[in-house]
Structures are given as C-alpha cells and as structure tokens.
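The values are calculated or read from the model by the stated rules, or taken from the named source; none is laboratory data. This one's a predicted model, so the numbers in the text were calculated from it and none came from an experiment. Because the Cβ atoms are built from the backbone with ideal geometry, glycine has one as well, and the counts that use them run over all protein chains shown.
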Amino acid sequence: MHTDAPTNRLHGVMAEFDSAQALVVAARATMAQGFTKVEAYSPVPIEDLNTIIHKTRTILPKLVLGGGLTGMATGFGLQYWASVIAYPMNVGGRPQASWTTFIVPSYELTILFAALTAAVGMILLSGLPQPYHPVFNVERFSMASSDKFFLVVESADPKFDQRAATEFLKSTGAKGVYDVEE
Amino acid sequence: MANHAHSTTALLEETPVILPGHDFETVTETIAEIPLSKRFPLGWIGFLLVGLAGAGMLQMALGYLVLKGIGIWGNNAPVGWAFDIINFVWWIGIGHAGTLISAILLLFKQQWRMSISRFAEAMTIFAVMCAAIFPVFHTGRPWLAAYWLFPYPNAMGLWPQFKSPLIWDVFAVSTYATVSVVFWYVGLIPDLATLRDRGVSRIKKVIYGMLSLGWRGSARHWHRYEVASLILAGLSTPLVLSVHTVVSFDFAVSVIPGWHATIFPPYFVAGAIYSGFAMVLTLAIPVRAFYGMGSLITIRHIDNMAKIMLATGLMVGYGYAMEAFFAWYSASPHERFMMWNRMFGPYGWSYWTLISINVVMVQFLWLKRVRTNVGLLFVMSLFVNVGMWLERFVIIVTSLNRDFVPSSWGMFYPTQWDFMTFFGTIGLFLTAFLLFLRFVPMISIFEVKTLLPQSKVKADHAH
C-alpha cells in the first residue's frame, strides 16, 4: 500500500493466543524477558493482567472521592445560598439554614458527581475516544473483541528488535505473530 | 445420563447459569447476530406497530392537555393527585429491578445476573423516561417546568422550595435517570466494540465504531473499566434505595391519614423491586422464547427472579398488615376511618383485588413447580404488574377521597385522557424496548464470556 513510505515504521509486534491462560503465561514470560513497553488485549477482563504488565493501579477511585465531595459541597452550597442568602423566606418558622432538609439533594448530587467522575474519568484516563490506533491495522485484531487474545511488544521499548521480538513471541506459544504498522 | 425423566428439582440443580456447548464464538454469534442482521422479523414489526400506535395516542393525549389544561384529567378536589402520581410511582418502581440486578447483585457477585442485566437496565431507563412524563405534564405548562423543578430562580428571583420532598424527588429521580444511563452506556462500550469489529455494513461499522469510542480491550483499559464498574455499582446501590424512599416522602411527610406512616420508605422500596421483577419476567419470558435465548437465560434465571419476587412480595404484604395495624393502634378516628374506607368504602374492590394478587397469589411462588412453569409465571407477572398499579391507586385515591370533613368528600373517576396517557406511556415503553432489542446487544456479551472456561486463569504459575 504505502510502498514509498519508509519501511520499519513499526508500532510493534503482535502475538495471537487462544485463551486467557495462554496470554497470561506469555505476558509473564515477556515481562521476565525484560521488555517494558508491552500491552495485552483481550475480549474479557482478565484479573491480574494489568498488575503483571503495568504494575500500577488506576487513580480513578481517588478522583471519584473528589467528585463525590465536590457534589456534596455543590448540593449543600446551592441550597444554603438560595435559602439563606439569595431569597430568605420564612417557611413554618423554621431556621433559614435548616440543614436537615438539605440532606437529600446534597446526597443525590454527591452520587451524581461521583458517578459522572467514575464514567468520564474511566473514558478519559484510557485516552478515549480515540478512533485510530495502530493495533487496528492488523487484520486479525478484529478478533480481539470476539474470541482471540493478543500481546504487543511496542517498538518504543528500548530492548525492541523486530526480529528478536518476533522470535521470542513465537517461542511463547503464539498462534501467529504479526507486524503492527504505525 | 440415559435417564431423561428428570424431576424438576434435579433439573434445577443441574441447570448452570449458561447451558453447556457455548464458547466465546457462539456467545458472540448468538447475541451480536440480532443487532447486526439485516432482517426485521414480522413479529417484531407487529409489536412495534402496536407500540407506535400507543406512542401516537400518548402524543395526542399530551397535545390536548397542553391545549386545554389539566382539567381534562379526572383529578378534582378532594382527589387532587390521581393517575398522574399513580403512574409516576408505578413506572419509577418498575425501574428499580434493573438497578438491583445490575448493581446490587454485582456487589454480591451473583453471576446469574449477567444474562439479564443489560435488558433489565434498558427497562429501567425507559421506565424512568415514562415516569418523568407524568409530573412534568401535571405542571400543565411543561415548557415552564425549568422554573418549578430545576434549581433555577424565576423572574421574581424566587427559588424552588428546598424544604419540600417534591423538590427532593426532582433531584433523586433526575440523578437516578442520569446514573442509570451512564452505567448502562459504560456497560455497553466493550460490546459496541464487538459489533464494530463484526460490522457487516459500512454504516454499522461507523455508527458502532463511534459509539464504542475506539475501545481496544487493553489490559489497562480493562483494569480501569473494572474499577469504574465496581464504583458505579457501589454508587447505584444506595442511590436506588434512596429513590423510592424519597418518592415515599412525597406522601409520608404530609399529614394525610393513610400517607403519614413511618413504614413507607422500606415498604415502597420493597414494592418497587417486587413490581420491577414482575416486569423483567414479563419482558424476559417472551424475549427468551422469541429470540431463542434459552441457553443464556436459563430456567435458573427465571426461578431466581421468581424467588426475589416472592421475597419482596412478602415484604409488601407485611407493609399492608402494618398499615392496618398502625391505623388501629394510632387510636386516631381519622386513621381508623381511612382504613375502614379503604377496605369497605366505594373503592373497596381495588383493595381486595390488590390483596388477592399481592398477598394471596404470590404464595404460589413457594412451589418450585410454579417457579419453573414459564407460561404460568408470565401470566402471574402480568397480574403482579396490575396488583402493584392498584396498590398505588389504593394509597392515593382512597386516602384522599374522604378526608377530615365529610362535606368535602368526593369520588374520583378517570377520564378517557387519563387512560390514553397511561396506555400511551406503555406504548412508548414498548417502542423504546423493541428498538433496544433490535439495535443493541440485549445480553452483555463480554460479561457472559467471563463465565466460560476460556477466560479462566489458573492462580499459580503455569509451566
């Protein structure tokens, strides 16, 4: 296709597996080999796979806590401001700042802000929406959302060498190894 | 093995969450085939026409309401609240089962929920949508509802009354609607990517591709995804319990005999889940038969849902008993009269019909034979839908029609517009649900796959 483009514009090398078990075994072997820029793709969530490859956990729970607290402050602040400062009104002789009646909206906004932070945070931290990614250039990759499992060693890895990486991935029991064009 | 004459008990013990013979490919194929196919089955088109006719009727009823005002409804003094709030509570209650299945059962790691969570959540969203129509149009001028419902001051600088349960309800229901949609969409992202990758036509590839946001299913994606799902489930659980609690405050915070009761919040939540599971069964049983999903929605799902219906039905029955007990024990003549009026007054028929459905009929669910008889259960679920509608009718109309002063007593008679609006929302619900069945994977593809051996990883290092 791009015959005039410089060759070896590689994103990495991709190996295909048949089961979650095979992918996890290969991922462990790859990390043990000293590769650092590695990513695995699977049709189902696989426990521990993230820990094996990336070693870090997401900061999402902390963001959600922040979102929830912001929601609570917004809900309470809105009601306090409207009832005490903007338009004080005597309702049945109750105090202007009758905080117990403010609980329900504050509670609902806590949940609303926390839930929106969880969903939007998950999407944005994952770099989505992202319509293009080099892995989609591999034809077999369309099976990643169906029933095949993939492991990619990226060219950004300091240890990366196309031929060596291909040979290594073949040795991990891959059903096929493909070049991923940038 | 050779003996095929299983007793029902043996059948249940052997029925797994998914029937054997499924692998990743067959699960994807069975579920994704429906949104990706080019066919529009005749039965689907037939039901859609029925739904659209209902939605058209709703449009007429609401159009006439906007033209003439809410006087076209049967509401009067003393029955100032009638079909509008009955239907609102009924629809909101139905929605609760979807959230219970997708959130509470997720926290309890109930794997059987995975086959039914997607369309139960869709049911929630459409039910809340139908519910919202009633209070918004009860304002008479829905285009001004922003001043009355949302925290936004009117031209005089006056704010909504934050000390009123009605405004709490706005916050509760709008949060519930938003979080339900968000939770549902997040659950859909990996499945939309599956549809994108299998897409047959260019247009389907583009639409599902955009909706899936470029999901790749990388280890990092999945990790964040799992964390986010767990958090959303954890947030939805207290949310769903709060929604019907706040709905019950609309009544319980007032001083009307028959409404002013401390049992209302738990009794309303139990009733909501009871009616919601009835609706899930009403939808799941025909869908399962029509789309041949029997291997994914097994008799075990049906049995479990019937058990939840039984448990929550018993709680609702306890609520009825306590209402009667409170009325007697209060020693207040108004409370006692309310209960007498409810049982033997002009609307007594509605009370006894509701008791015979929600207290008597539900007892048959103790029998395994009944819980596994799909046809019978379908009919029973329809009765429960009616019973729970009558419960709200009884609570609202019989508490209002004969209040403290006999000179102000009156009867409520619904008008044709009341019925057209109510049945119209059922048509709208049916339309939305059919479109969902046709264009969205009705069962979570990736979640069902996690139940298969192919996705299992041995804990120790394999050699």
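When B:Trp143 is tested against (1) part of a helix (DSSP H, G or I); (2) of a type outside the set (Ser, Thr, Tyr); (3) in contact with a helix residue (DSSP H, G or I) (Cβ under 8 Å, 6 or more places away or on another chain), just one condition goes unmet, and that condition is (3).
Scanning for something of a type in the set (Val, Ile, Thr), within 30 Å of A:Ser142 (Cα to Cα) and within 9 Å of chain B (Cβ to nearest Cβ), does the stretch A:57-71 turn up at least one residue?
Initial filter on the stretch A:57-71 (of a type in the set (Val, Ile, Thr)): A:58-59, A:64, A:70.
With the extra rule that they be within 30 Å of A:Ser142 (Cα to Cα), the set shrinks to A:58-59.
When the remaining residues are screened for being within 9 Å of chain B (Cβ to nearest Cβ), the result is A:58.
Scanning the stretch A:57-71, I find at least one residue that is of a type in the set (Val, Ile, Thr), within 30 Å of A:Ser142 (Cα to Cα) and within 9 Å of chain B (Cβ to nearest Cβ), so the answer is yes.
When A:Phe17, A:Phe35 are checked against the criterion of being away from chain B (no Cβ under 12 Å) and touching a strand residue (DSSP E or B) at 6+ places or on another chain (Cβ under 6 Å), A:Phe35 stands alone in meeting it. Residue count for the stretch B:175-192 under the criterion of being within 7 Å of chain A (Cβ to nearest Cβ) and either in contact with an Asp or Glu (Cβ under 7 Å, 6 or more places away or on another chain) or modelled with pLDDT under 90 (or both): the result is 1. Inside the stretch B:383-422, residues that are part of a helix (DSSP H, G or I) and either in contact with a helix residue (DSSP H, G or I) (Cβ under 6 Å, 6 or more places away or on another chain) or within 23 Å of B:Ser332 (Cα to Cα) (or both) make up a count of 25.
Here A:Tyr132 meets each of (1) facing another protein chain (nearest Cβ under 8 Å); (2) in a helix (DSSP H, G or I); (3) of a type in the set (Ser, Thr, Tyr) with one exception, condition (2). Among the residues making up the stretch B:144-202, those that are of a type in the set (Gly, Ala, Ser) and either more than 30 Å from B:Phe436 (Cα to Cα) or touching a Cys at 6+ places or on another chain (Cβ under 9 Å) (or both) are B:Ala155, B:Gly157, B:Ser164. Of the residues B:Gly51, B:Gly21, B:Gly56, the single one that is within 28 Å of B:Leu451 (Cβ to Cβ), in contact (Cβ under 8 Å) with a residue 40 or more places away in the chain, more than 14 Å from every other protein chain (Cβ to nearest Cβ) and among the small types (Gly, Ala, Ser) is B:Gly21. As a summary of the residue check, B:Leu192 satisfies the conditions (1) surrounded by fewer than 21 Cβ atoms within 10 Å (Cβ to Cβ); (2) in a helix (DSSP H, G or I) except for the one numbered (1).
Of the residues B:Ala172, B:Ala219, B:Ala228, B:Ala233, the single one that is in contact with a strand residue (DSSP E or B) (Cβ under 7 Å, 6 or more places away or on another chain), modelled with pLDDT of 85 or more and not basic (Lys, Arg) is B:Ala219. Among the residues making up the stretch A:82-123, those that are at the interface with chain B (Cβ under 9 Å from one of its Cβ atoms) and more than 19 Å from B:Val179 (Cβ to Cβ) are A:Ala82, A:Ser83, A:Ala86, A:Tyr87, A:Met89, A:Val91, A:Gly92, A:Arg94, A:Ser98, A:Thr101, A:Phe102. Taking each residue of the stretch B:80-94 that is closer than 15 Å to B:Ala278 by Cα and looking for partners that are at pLDDT below 90 and assigned to a helix (DSSP H, G or I) with beta-carbon atoms closer than 9 Å, six or more apart or interchain, yields nothing. I'd like the residue in the stretch A:48-64 that is in contact with a helix residue (DSSP H, G or I) (Cβ under 6 Å, 6 or more places away or on another chain) and polar (S, T, N, Q) and, out of all such residues, is surrounded by the fewest Cβ atoms within 10 Å (Cβ to Cβ). It comes out as A:Thr58.
Being buried (at least 19 other Cβ atoms within 10 Å of the Cβ) and in contact with an Asp or Glu (Cβ under 7 Å, 6 or more places away or on another chain) is the filter here, so list the residues in the stretch A:136-145 that pass it.
Our first condition is that a residue be buried (at least 19 other Cβ atoms within 10 Å of the Cβ); within the stretch A:136-145, this holds for A:138, A:141, A:143-145.
Scanning the stretch A:136-145 gives a single hit, A:Ser145.
B:Leu195 - would you say it is under 30 Å from B:Glu33 (Cβ atoms) and either of a type in the set (A, V, I, L, M) or facing chain A (nearest Cβ under 9 Å) (or both)? If you could, list the steps in order and put the result at the bottom.
On the way: under 30 Å from B:Glu33 (Cβ atoms): yes; either of a type in the set (A, V, I, L, M) or facing chain A (nearest Cβ under 9 Å) (or both): yes.
Criteria met by B:Leu195.
Do we have any residue at all in the stretch B:131-140 that's surrounded by 18 or more Cβ atoms within 10 Å (Cβ to Cβ) and more than 24 Å from the chain's Cα centre (by Cα)? Checked the stretch B:131-140: no residue is surrounded by 18 or more Cβ atoms within 10 Å (Cβ to Cβ) and more than 24 Å from the chain's Cα centre (by Cα). When we screen B:Ala127, B:Ala177 for residues that are assigned to a helix (DSSP H, G or I) and crowded, with 23+ Cβ neighbours inside 10 Å, the only hit is B:Ala127.
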